[in-house]
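To start, the structure under review is shown below, and the notes come after it.
Read the figures in this text as sums done on the coordinates, not as results from a lab. Computed from a predicted structure; not experimentally measured. Counting neighbours? That spans all protein chains shown, and the Cβs are built from the backbone with ideal geometry, glycine included.
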Amino acid sequence: MTMKRNLLFVLLALMASLALAQPELSGTFRTAFGLRTQDLALSLDRTRFDLGIRYDQNDAAFTAELRFGYDALTHSPEFSLGEAYATLFLPGVDLSAGREIVSWGRLDLLSPLDVLNPRDLSSPLDQEKIPVSMLHATIYPDVEGRYQVEAVWIPLFTPAKPPAGEWAQTRPLPPGVTQVRVQEPAAELVNGTFGLRATASVELLEGLDLGGEIVHGYFPFPSPQGVEPVDPAQPRGPFRLILGYDRRTLVGADFALAFSIPGVAEGLMLRGEAAYAFTADPGGTNPNEKNPYAAGGLALEYAWTDGPTTILAYNLRWEKADSPAADRWTQTLGLLARYERDERLTLQGAWLHTLSDGSGLVRPQVEYAFADGVTGILSYAFFYGGDVTRFGIWRNNSQLRAGIEYSF
Amino acid sequence: MRKLFTVLLLVSASLALALSGEEVMQKVDAHPSPASMQGTMVMQLIGKQGKVLTREIRVWSKRTATEEKMLIKFVAPADVKGTAFLTIRKGGKEEMKLYLPALKRVRRIAGSQKKGSFMGSDFSYDDISNLSGMEIEDYNHKLLRTENKDGVEVYVVESTPKPGVDSSYSKQIAWVPADTFVPTRIEFYKKDKLYKVLTNSAVKPFADGKYLIPTLLQMENVTNGHKTVLEQKDLQIDVAIDDAVFTERFMKKR
């Protein structure tokens, strides 16, 4: 009885404080269905409701997002806290603390520099960033805001979520290994992630933005660290594979340049990023330690008169292999197009093709605004390629999707 | 014969007194315009069959002798809320940036995108940044004719971009009443074919009549029958607006 009374009191206090604070509520209701084209099986039947709460004061703001969902295919309800952070707007500095998503870099597709938040890849077609607890400061040294310095400290490591269910890859365990143990970095001060980024806008050609950053953190996915006997009394096995997260220090730079080629094309935009990740095994001599890699990308953007906006992207990634194997090179081409036919109908399409293995993804999409805030979406995802290729592993998951969203 | 001579004399005298296209546009440009403005605009996107989508935007603008700045933030509907568009004109150069809350990134917009639709409306990014007035020195202006509307003489002026000027349109024809020198109608042509028509109405005096500002703007795309109506509400003129408003920091702050 006392507990019920206390709960009622807490609820009343919460409602009263919300009423006094007059927070701004927003939300999105989404329901979507998917049909796998190979076997006409239902691949998606999911309903989600994202509720956003925001409270603004002159020099401070608080944002929180709650997700309620239900996956009818797996009969699993979903409740999660999305971003939830407070921001202080001080003279020349914005300070925020809490669960936040921070985007760094310039490329929308295959950005080597956008590494602060891990990804939820459990369903690769719906991949999104996972908010993580951080302290985030943005410094604006000049009044015009042409220069910015950002610093982020993420005290606790959060791993990425790998593809799950029909998207998961089954990898056989090494001989003698019967179990797997995943070891996350301990919650200690030294195991945090630290990032620093500086940007500047320069008056060159039709405008140039420059950026540079360093992120000292972890790879988002685990890698083998060795094996141990399942029973210490039986050193000859069976064994347990230990997966752990290796350190990396990523250094990179980016730019966005607006320019024209007189008489050929007016108003082009070239964006680029390059990054190098240092690890504890620069020579690839330790098979239980991740090796360094470098990645870079260029994207050329152009809006055709009365036509679509197109982005042609190229990405190159190099990864040091464990010696004596040859290093791995991956080249990816991307083409994105978006065309707003009128105030209601938007057509867009994406094509990703891995030059190195011949696999790819084609994803056309149609959006139609039925009313203010109400949008219907129809899309198709087609994967192609060989059995062990980057996108070919999902070729049986090509699917048609239809959904509707209501935002308020 | 004497009558005919008198008529010819009067016609030639009135032609001599009439303003040239350049002079009309100089008068349009010389019309006092506020140093700063802020207010709310309700944007209605009207389809061919009359179905309406409504968007609400908040606008800040400021001009000095050397630069013009404008910031637009979307307030409604919820799926575009928080989107911000910044334009800064300085020294003959124009800089445009867009903040999309879903991406959490401020993006520089290239010149080719300036000609594209502004958030699904019949206004292009360029149209929006030209709402405070075109750069008249970038165009050749020719008086086509004068018309009489409700007893007021209206100048019809054709403006064509000078060679080397990157304009969204091949020409513009403006209807400029002689009593206000605030254009009431502007036709936009692409490859000399009529493309869009802007109608300025509800011209209201502000600051004790110092400024005349149209508060209802309609852009109609004659090629597809769509139109967008912009209604300016709670407009504040010559208010002090901090330069910090026209920055990436303010774009990201809701």
*Fewest Cβ neighbours within 10 Å first, please rank B:Val229, B:Val239 accordingly.*
B:Val239, B:Val229
*Answer with one residue from B:Leu86, B:Leu230, B:Leu143: the one whose Cα lies farthest towards the positive end of the charge dipole of region B:21-252, charges on Cβ with Lys, Arg +1 and Asp, Glu -1.*
B:Leu86
*Taking the Cβ-Cβ separation of B:Glu231 and A:Ala168 as r and a Förster radius of 60 Å, what is the calculated FRET efficiency to the nearest 0.05?*
0.65
*Provide the FRET efficiency to the nearest 0.05 for the B:Lys149-B:Val52 pair, computing r from the beta carbons and using R0 = 22 Å.*
0.15
*Could you point to the residue in B:Ala240, B:Thr180, B:Val152 farthest towards the positive end of chain B's charge dipole, with +1 and -1 charges on the Cβ of Lys/Arg and Asp/Glu respectively?*
B:Ala240
_Using 0.36 nm times the number of residues separating A:Tyr384 and A:Ser223, minus their current alpha carbon distance, what extension gain do you get?_
55.3 nm
*Top mean-square fluctuation among B:Asp166, B:Asp192, B:Asp208, Gaussian network model of chain B, C-alpha springs under 10 Å?*
B:Asp208
*asked:* Tell me the angle of helix B:2-17 to the major Cα principal axis of chain B, expressed in degrees between 0 and 90 and rounded to the nearest ten.
replied: 30
*For the residue pair A:Leu156 and A:Ile214, what label-to-label distance in nm results when each label sits 7 Å from Cα along the Cα-to-beta-carbon direction?*
2.8
_Cα-based Kirkwood hydrodynamic radius, chain A, one decimal, Å_ = 24.5
*Nitroxide proxy distance, nm - points 7 Å out along Cα→Cβ at A:Thr74 and A:Trp351*: 3.3
*Say we join alpha carbon atoms closer than 10 Å with springs in a Gaussian network model of chain B; which of B:Arg107, B:Arg58, B:Arg185 then has the biggest fluctuation?*
B:Arg107
_In range of the label at B:Val42: residues from region B:61-77 whose backbone nitrogen is under 18 Å from the point 7 Å along Cα→Cβ_ = B:73-77
*Taking 0.36 nm per residue of separation and subtracting the Cα-Cα distance, what length does fully extending A:Tyr147 through A:Asp322 add?*
58.9 nm
_Can you divide the C-alpha Rg of region A:23-90 by 2.2 N^0.38 Å and report the result to two decimal places?_
1.56
*Dipole size in debye (nearest 20) for the protein assembly as shown around its Cα centre, Lys and Arg Cβ +1, Asp and Glu Cβ -1?*
920
*Write out the GluC sites (Glu not before Pro) in region A:158-264 meeting two conditions: DSSP loop, and at most 13 other Cβ atoms within 10 Å of their Cβ.*
A:Glu188, A:Glu203
*Under a 10 Å cutoff between Cα atoms, tell me which one of A:Phe391, A:Phe382, A:Phe68 has the largest fluctuation in the Gaussian network model of chain A.*
A:Phe68
*Assuming R0 = 41 Å, what is the FRET efficiency of A:Asp231 and A:Leu35, from their Cβ-Cβ distance, to the nearest 0.05?*
0.30
*With runs of 4+ DSSP H residues as the only contributors, calculate the mean residue ellipticity of chain B at 222 nm using -39,500 (n - 2.57) per run, divided by the residue total and rounded to the nearest 500.*
-4000 deg cm²/dmol
*Using 7 Å Cα-to-Cβ label points, what is the A:Gln57/A:Asp45 separation (nm, one decimal)?*
4.8
*Assign one of three labels to region B:21-252, namely rounded, prolate or oblate, based on the Cα gyration tensor with a ≥ b ≥ c the square roots of its eigenvalues; rounded applies when a/c is under 1.5, prolate when it is not and a/b is larger than b/c, and oblate otherwise.*
rounded
*With a ≥ b ≥ c taken as the square roots of the eigenvalues of the C-alpha gyration tensor of region A:35-131, please select rounded if a/c is under 1.5 and otherwise prolate if a/b is larger than b/c or oblate if it is not?*
oblate
